[in-house]
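K.L.:
Supplied in structure tokens, the structure appears directly below.
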Amino acid sequence: MSTQPFLTPELLRRLQQFQLLAARRAKSSAKGERRSRARGQSVEFADYRTYVHGDDFRYLDWNLYGRLERLFLKLYEEERELPVRIFLDASESMTFGEPRKFDFARQVAAAVGYVALSGFDRVSVVPFPHRANGDAPEPATTKAEMAARGALRSVRGKKSAIQFFQNLGELTAGGVANLNDALRRGALEARQAGVAVVLSDCLDPAGYEAGLTALVARGFQVDLVQILAPEELAPTTFGDLRLVDSETGGHQEVTFGRFRLKTYQQTVRNFIQRLREFCQGRGINFFTASSGMSLEELLLRQLRQAEVWG
Amino acid sequence: MSFLAPMAFLFAATIPVVVVFYLLKRKRVVKLVSSTLLWQKFLAETQASAPFQKLRRNWLLILQVLLLALAVLALSRPFFKTKAKPAQLRVVILDASASMQATDEMPSRFEKARAEALQWVDGLAGNDQMVILQAGANTEVKQSATSEKAALRRALQACVCSDSTTRLVPALKMAESLVRDHKDAEIHLFSDGAVPELSELENQDLPLVFHRVGKSSNNLGVVALDVRANPENAGQRAVYASVGNFSTNAQQSGLELLLDDRLLETRPLNIPAGETSPQVFLANQDRDGVFTVRLTGKDDLAVDDQASIVSLLPKPVKVLLVSRGNRFLEKALRAVPNVELSTANDLNDTGTDFDFVVLDDIPPTVWPKGNVLAIHVVNTNWLEGVTKVEAPAIVDWKTAHPLLRYAGFDNVQVAESFTTKAPTWAVSLVDGPQLSLIVAGELGRQRIIWVGFDVLQSTWPLRLAFPIFIANAVEWLNPANTRGSHLLVKAGDPFRLALNEPQTNAQVVFPNGTIRTLRVDPQANELVFGETYKQGIYHLRLGTNESAFCVDLLDAAESNIKPRDALQLGKYTRVTATTLQRANMELWRSIASIGLGVLLFEWWYYHRRTA
């Protein structure tokens, strides 16, 4: 699959200029291009340390020995990689909307991944619901998708971007997702905390609080992009309706007319506002997007203004 | 507990309609959505989570409040006080005469008048009372004074229009007696104003309100009908009918003559406006029968388009002359056609074998029971204070009486005569200076002509008037003629029949075929039947005999159906038709109707906005 369905070359060119801004130092054990608290080999001077027996003579500061006649070792900052985990909601509810919410989410994931890969960060995409080999696969789940899911667990290097996009393109949505479980599991599985980008509609009856809290507690810098369909923001179907939930199968009878549209929109705004307040309280960058909106608006303006990247 | 408007409970039938609206199961469209989470939150927020919320402009709320307000307003039964002033007692007189059957108002004047009267019943306020009188041939009190509207409505619905003439005076007199002691009482007359003279009520100062009904006067009517032997051909009958045109335009129609439902003749009529056309038919008749004249054209009043009369074949008149010999009298009697004259010197029985008896200066041993021409005899049972006068001058005579038709008393001298004051049962035909010389009348069922002087002691037999008088007397005393005239009664008048034999019951067959059995007192010598409200041919079965009698309108005043703008009470008093309409017009029905409309609109609006 080409990159065309996800990101235009123009957008890729502009994204190339960005780098993920991590507020915290990288804690990864692997070498990378991010400053970390670890000391190692780089050009960034960090500190001096008294020479002890066995230290590498190459790092002795001879000028200082000349003045003080004591041996000091020059310490440099070790540059490590920044793990970027993208939690991609691939549940049935994401298949709605025109364009589909899942497609929009994959585009955002592709953009985030591309920026991260361009910055030599490690990217791992965690689609949920999780489809392990032991699980009964969804009928539509193909081997190619399972392979793509496996490949997306850890991607590094800009040259992997094309493969990254192809693997994203192999993903399909379906099934019932539990946002809290997925995020909690992701937090536990991560060896090092990094940047967590959550792409979901957050319309899980079980809520989102526990999952997001787990990520924050694990030390992730969390960016949450809530993606809703235009139909969810302003329904265009009126009358006496019997609404069936695509994931739970539950139904809700409602009499909906144009006169109640404003009330409904107020309900949606209230829901988003509660989510925003929750995120603000925990230092989570929160964005809400309509799957029908311009991708550039989200990527080049909103995420940049929020200093997700710069 | 009682209800002023129990019919309002019919509105309860709308309650199931509303329930049905809510029973209707709404068909919902099934739609698959990503998640119902937002919808659940939406419903939770819109449904009452607190006992009160801020009032918002909601059209449904406004409509329902409006509906409730209308219902409450309707239940409070508001009304406008209009021009009519409230009265403590209203006497409603409903004219039920024949002219009220005119169809210029649909369906008829009577129904229109009844509907207006019903509106007045609806407008009756508080404890005001109303009396319902029906003025037809007789005045009937349909409802005595009450404020109960249901009873008043029932009474009005029970009123029936008759074929009789209007007899308004008794009704107005009764109404006057009812309102006499009531302050602010009113008499409401619902009529077309086609009423006879009301001068009796001129100075009564009646609080009369005249509600006129009727619009036009397109009517031709038979106003007179008689049948006699054709004077030029004894074998024929002459039927005399008079047809009046009471329209404002000349009218064309046809007039049919029927004998016992057999059509004999039809002739066209063209009568100018306001004119009366006399018509004479000559018809052969071989047995007793009923002549009917019928107008073929259509007009507003049907009841006067037909009239019937019983025609009995003439029979020889059997006359007994009790006389010592009077050539003038005997010759005059024999000159009358169809007279079988017998003579005698005295009368020893009641003379029942003869149609009438002529007593010529001979007081009989037994006074006859039948009709009598008594000349120069005195019966103290008939007359009181008979005195004898010498050469009385004849000062006056009644030329209008049938007996003196073409028979004047010019140049008649009398040598000697009994004179008397005319008794109550008779009229004076010829007057002397103080008292009467000739009287005639009907005592019981006996017709009597009393001549106070001996005709041979006068110049009367030498005058042409004498044989004419005798001929008139034969006709007047002939019981067949009397019987014939009794067989035609005007609608509403009682039918009377002399009973020669004791009877216990009789049957009357009405024109519509209904049979009524009458119980007759065996002692009674007369049968009286009063239910002659409908015109037509009635049949009376009495023992083995069956005879017919006719009930007709034959009233020019009633056929003149032109609605009057005013009632003339005598010379100086007029009551103009009122233009005031019903009082206390209640509005609750209109309000309830509007409320129902609002309810339906609300239902429609609710469903429209959810669509």
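Computed from the coordinates by the stated procedures, all read-outs in this text should not be read as laboratory data. All values derive from a computational prediction rather than experimental measurement. Here the Cβ positions follow ideal geometry from the backbone for every residue, glycine too, while neighbour counts run over all protein chains shown.
K.L.:
Under a point spin-label approximation (7 Å from Cα along Cα-to-Cβ), what is the A:LYS74-A:GLN305 distance to one decimal in nm?
P.N.:
Label-label distance for A:LYS74 and A:GLN305, simple model: 4.5 nm.
K.L.:
State the Cα centre-to-centre distance between region B:246-297 and region B:475-505 in whole Å.
P.N.:
First find each Cα centre; the distance between them is then 26 Å.
K.L.:
Tell me which of B:GLN446, B:VAL317, B:THR46 sits at the most positive position along the dipole axis of chain B, charges placed on C-beta atoms (Lys, Arg +1; Asp, Glu -1).
P.N.:
B:THR46
K.L.:
About its Cα centre, what dipole magnitude does the protein assembly as shown give when the only charges are +1 on Lys and Arg Cβ and -1 on Asp and Glu Cβ, stated in debye to the nearest 20?
P.N.:
With only Lys, Arg, Asp and Glu charged at Cβ, the dipole is about 7040 debye.
K.L.:
Given 0.36 nm per residue, what is the gain on full extension from B:ARG483 to B:THR276 after removing their alpha carbon distance, in nm?
P.N.:
71.7 nm
K.L.:
What order do you get for B:411-418, B:433-440, A:67-74 when each peptide is scored by the mean count of other beta carbon atoms within 10 Å, highest first?
P.N.:
Put in order of decreasing packing, that is B:433-440, B:411-418, A:67-74.
K.L.:
Continuing with the same structure: Treat every Asp and Glu Cβ in region B:317-482 as -1 and every Lys and Arg Cβ as +1, leave all other atoms uncharged, and give the resulting dipole magnitude about the Cα centre to the nearest 20 debye.
P.N.:
240
K.L.:
To continue, here is another question. Loop-only check: which GluC sites (Glu not before Pro) in region A:226-308 are DSSP coil with at most 15 other Cβ within 10 angstrom?
P.N.:
Qualifying residues, ordered by number: A:GLU307.
K.L.:
Using +1 at the Cβ of each Lys and Arg and -1 at the Cβ of each Asp and Glu in the protein assembly as shown, identify which of A:THR142, B:LEU259, B:GLY274 lies farthest towards the dipole's positive end.
P.N.:
A:THR142
K.L.:
Okay, next question. Provide the percentage of antiparallel DSSP beta bridges, counting only those with both residues in chain B; round to the nearest 5.
P.N.:
70
K.L.:
Count the lysine pairs in region B:317-482 whose Cα atoms sit under 17 Å apart, keeping only pairs 8 or more residues apart in sequence or on different chains.
P.N.:
The number of close lysine pairs in region B:317-482 is 4.
K.L.:
Then there is this: Taking only pairs that are 8 or more places apart or on different chains, how many Lys pairs in chain A have Cα atoms under 30 angstrom apart?
P.N.:
Count of close lysine pairs: 12.
K.L.:
Students often check this: by mean Cβ neighbours within 10 Å, which of B:326-332, B:363-369 ranks highest, and how do the rest follow?
P.N.:
Ranking, from highest mean packing down: B:326-332, B:363-369.
K.L.:
Taking 0.36 nm per residue of separation and subtracting the Cα-Cα distance, what length does fully extending B:LYS315 through B:VAL520 add?
P.N.:
Computed gain between B:LYS315 and B:VAL520 is 70.9 nm.
K.L.:
Let me ask something else about it. For B:LYS534, give me every one of the aspartates and glutamates with a C-alpha distance below 13 angstrom, ignoring sequence neighbours fewer than eight places off in its own chain.
P.N.:
Cross-link targets: B:ASP163, B:ASP304, B:ASP493, B:ASP552.
K.L.:
Averaged over peptide A:247-254, how many Cβ atoms belonging to another chain are found within 10 Å of each residue's Cβ?
P.N.:
Partner Cβ neighbours, averaged per residue: 5.
K.L.:
Can you tell me, using C-alpha contacts under 8 Å and at least 6 residues apart, the relative contact order of chain B as a whole percent?
P.N.:
Reported relative contact order: 17 percent.
K.L.:
Shifting gears a bit: Over chain A, what is the mean sequence separation of C-alpha contacts under 8 Å (at least six apart), divided by residue count, expressed as relative contact order in percent?
P.N.:
20
K.L.:
Moving on to the next point. Among B:ASP181, B:ASP305, which comes first, then next, by fewest other beta-carbon atoms within 10 Å?
P.N.:
So the residues, fewest neighbours to most, are B:ASP181, B:ASP305.
K.L.:
Would you order A:SER91, B:SER458 from fewest to most other beta-carbon atoms within 10 Å of each residue's own beta-carbon?
P.N.:
In increasing order of surrounding Cβ atoms, one gets B:SER458, A:SER91.
K.L.:
Which percent, nearest 5, of DSSP beta bridges in region B:277-414 are antiparallel?
P.N.:
DSSP beta bridges in region B:277-414 are roughly 25 percent antiparallel.
K.L.:
Taking +1 at the Cβ of each Lys and Arg and -1 at the Cβ of each Asp and Glu, which of A:VAL195, A:PRO9, B:ALA473 sits farthest along the dipole of the protein assembly as shown towards its positive end, judged by Cα position relative to the Cα centre?
P.N.:
Of A:VAL195, A:PRO9, B:ALA473, it is A:VAL195.
K.L.:
Evaluate the distance, in nm, between pseudo-label points positioned 7 Å from the Cα of B:HIS607 and of A:ILE272 along their respective Cα→Cβ axes.
P.N.:
So the label points at B:HIS607 and A:ILE272 sit 3.7 nm apart.
K.L.:
What is the mean number of Cβ atoms from other protein chains located within 10 Å of the Cβ atom of each residue in peptide A:200-208, rounded to a whole number?
P.N.:
2
K.L.:
Oh, and also: Which of the peptides A:106-113, A:203-210, B:315-322 is most tightly packed, and how do the rest follow, going by the mean number of other Cβ atoms within 10 Å of each residue?
P.N.:
Answer by packing, highest mean first, reads A:106-113, B:315-322, A:203-210.
K.L.:
Starting from the Cα-Cα distance between B:GLN568 and B:ILE594, subtract it from 0.36 nm times their residue separation and give me the gain in nm to one decimal.
P.N.:
4.8 nm
K.L.:
I would also like to ask the following. Just to confirm my numbers, what's the Cα centroid distance between region B:202-236 and region A:55-77 in Å?
P.N.:
If we compute the Cα centre of each part, the gap is 152 Å.
K.L.:
Within 10 Å of each residue's Cβ, count the other Cβ atoms and sort B:ASP192, A:ASP56 from fewest upward.
P.N.:
A:ASP56, B:ASP192
K.L.:
Further, regarding this structure: Working from the alpha-carbon coordinates of region B:486-552, get Rg over Rh, Rh being the Kirkwood radius.
P.N.:
Ratio of gyration radius to Kirkwood radius: 0.93.
K.L.:
Cα centroid distance between region B:542-580 and region A:151-189, in Å?
P.N.:
110
K.L.:
With respect to the cross-link table entries B:LYS142/B:LYS215; B:LYS215/B:LYS490; B:LYS183/B:LYS490, which display a Cα-Cα separation exceeding 29 Å?
P.N.:
B:LYS183/B:LYS490
K.L.:
Relative to the Cα centre, what is the charge dipole magnitude of chain B, using +1 at the beta carbon of each Lys and Arg, -1 at the beta carbon of each Asp and Glu, and rounding to the nearest 20 debye?
P.N.:
4620
K.L.:
So for region B:285-331, averaging the separation of alpha carbon pairs under 8 Å that are six or more residues apart and normalising by length, what relative contact order in percent results?
P.N.:
That works out to 38 percent.
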